[in-house]
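Student: Sending over a structure as structure tokens; questions will come in a sec.
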Amino acid sequence: MALYTAEGVVLRARNLGEADRIITLYTRGHGKVECVARGARRARSRLMGGTQLFTHGRFALFSGRSLDTLSQAEIVQSFAGLREDLVTLGYASYFAELLDAGTEPGEPSEDVFGLILDAFSGLERGVSPAIVARWFEFRLMALLGYRPQLDVCAACGKTAAGEVRFDPVEGGLVCTACAGGSGPAVAFGRSTVEVLRHLMSAEGRRLGVIRPSATDLALLEEAARRFVDARLGRPLKSLGFLASIRDLA
């Protein structure tokens, strides 16, 4: 087995046997990696801290046929605060599951790696989770090859001016003439379009200055949910958990 090192973020952790964990990492240089952390659930294990959900760390792994084996884990940033608050736990779990569902093993992306770190950092800094979520959803889809069309009608190619809708199947804004041709579309006002354009160009550290209205945020959430569903083709379990937390809040 070959030893290699990787900087990564823990997206998923599930129990194996009495003391082991299977960890899903998204790494800077190797993309998504699944590995087994032997004894990580034991109280004195040197792997316990580094295999907690959302942890950003440096890892040493041995490559294997089906699962790699985690040998060492050095914490860079624990993001412990995300696990201690139900709201941030719900959103961070959603981001991690969305990234896991949208990527295949062995396909690294420096931009995707930076995106998940920026999303977790935004949540930990106290930026509105709803704003971070809309930014993360649309930016991740763009990085995965599904950048939404916001300049012209995604169906006919004409300038999308005046009343427009976001069509999740067409993959962007559609004009009135093309609306409804491929499925349910979300009506966008001018301010909603401008907020989305701002989110698509904003850096993660600047998310705190974006102040959309509640109406625009609700429309963008509906559009993002349909857009993601149309690309992934399956529901995400974390959305149910997130919805229950939001109802309590």
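Student: Counting only helical runs of four or more DSSP H residues, what would the 222 nm mean residue ellipticity of the chain come to if each run contributes -39,500 (n - 2.57) and the total is spread over all its residues?
Tutor: One gets -12000 deg cm²/dmol as the mean residue ellipticity at 222 nm.
Student: Let me ask you something else. Taking amide H positions as placed 1.01 Å from N in the peptide plane, with prolines and chain starts having none, which residues 5 or more places from V76, or on another chain, fall under 5 Å of its amide H?
Tutor: Distant-sequence amide H within range of V76: H56, G57, R58.
Student: Kindly give the semi-axes, whole Å and largest first, of the ellipsoid equivalent to region 65-201, taking each as the square root of 5 times a Cα gyration tensor eigenvalue.
Tutor: In descending order the semi-axes read 34, 18, 12 Å.
Student: Report the charge-dipole magnitude of the chain in Debye, nearest 20, computed about the Cα centre from +1 at each Lys and Arg Cβ and -1 at each Asp and Glu Cβ.
Tutor: The dipole of the chain has a size of about 460 debye.
Student: I've got another one for you. Using only the alpha-carbon atoms, how far is helix 214-232 inclined from the longest principal axis of the chain? Give it as 0 to 90 degrees, nearest 10.
Tutor: In the chain, helix 214-232 runs at an angle near 60 degrees to the longest axis.
Student: Whole number in Å², please: accessible area per residue of the chain, 1.4 Å probe, ligands, DNA and RNA not counted. Don't skip to the end; give the middle numbers.
Tutor: Working: 11970 Å² over 249 residues.
Result: 48 Å² of accessible area for each residue.
Student: With an 8 Å cut-off on Cα pairs and a minimum separation of 6 or more residues, tell me the relative contact order of region 56-132 in percent.
Tutor: 26
Student: Name the longest site-free stretch of the chain, where the excluded sites are GluC sites (Glu not before Pro) in a DSSP loop with no more than 13 other beta-carbon atoms within 10 Å.
Tutor: Working: sites that count: E18, E163, E203.
Within the chain, the longest run free of exposed GluC sites (Glu not before Pro) spans 19-162.
Student: Which trypsin sites (Lys or Arg not before Pro) from region 30-98 combine a DSSP loop assignment with at most 13 other Cβ atoms within 10 Å?
Tutor: R42, R44, R46, R65
Student: Please report, as a whole percent, how much of the solvent-accessible surface of region 64-217 comes from carbon and sulfur atoms (probe radius 1.4 Å).
Tutor: Using a 1.4 Å probe with all protein chains present, region 64-217 comes out at 47 percent carbon and sulfur.
Student: Bin width 5 Å, origin at 0, all Cα-Cα pairs of region 1-45: what percent of pairs per bin?
Tutor: Computed distribution, short to long bins: 6, 23, 24, 24, 17, 6, 0.
Student: Placing one identical point scatterer on every Cα of region 191-248 and ignoring solvent, what is log10 I(q)/I(0) from the Debye formula at q = 0.15, 0.17, 0.21 Å⁻¹?
Tutor: -0.59, -0.74, -1.01
Student: What is the pair-distance distribution P(r) of region 7-93, computed from all Cα-Cα distances in 5 Å bins starting at 0, with each bin given as a whole percent?
Tutor: P(r) for region 7-93, in whole percents per bin: 3, 16, 27, 27, 17, 9, 2, 0.
Student: Also: Got a sec to turn the phi values of region 138-145 into Karplus ³J(HN,Hα) couplings, 6.51 cos²θ - 1.76 cosθ + 1.60 with θ = phi - 60°, whole Hz, x for Gly and Pro?
Tutor: For region 138-145, the Karplus-derived couplings read 5, 5, 5, 4, 5, 5, 8, x Hz, x marking Gly and Pro.
Student: Calculate, in whole percent, how much of the Cα-Cα pair population of region 129-249 lies beyond 20 Å.
Tutor: I get 42 percent for the Cα pairs in region 129-249 exceeding 20 Å.
Student: For a quick check of understanding: with a 1.4 angstrom probe and all protein chains in place, what accessible area in square angstrom does T215 have, to the nearest ten?
Tutor: 90
The values are calculated or read from the model by the stated rules, or taken from the named source; none is laboratory data. Note that the structure is a prediction, hence the values are computed from the model and not measured. No Cβ is skipped: glycine too gets one built from the backbone with ideal geometry, and neighbour counts run over all protein chains shown. Only protein heavy atoms, including side chains, enter the accessible area calculation; ligands, DNA and RNA are left aside. Shrake-Rupley method; radii C 1.70, N 1.55, O 1.52, S 1.80 Å.
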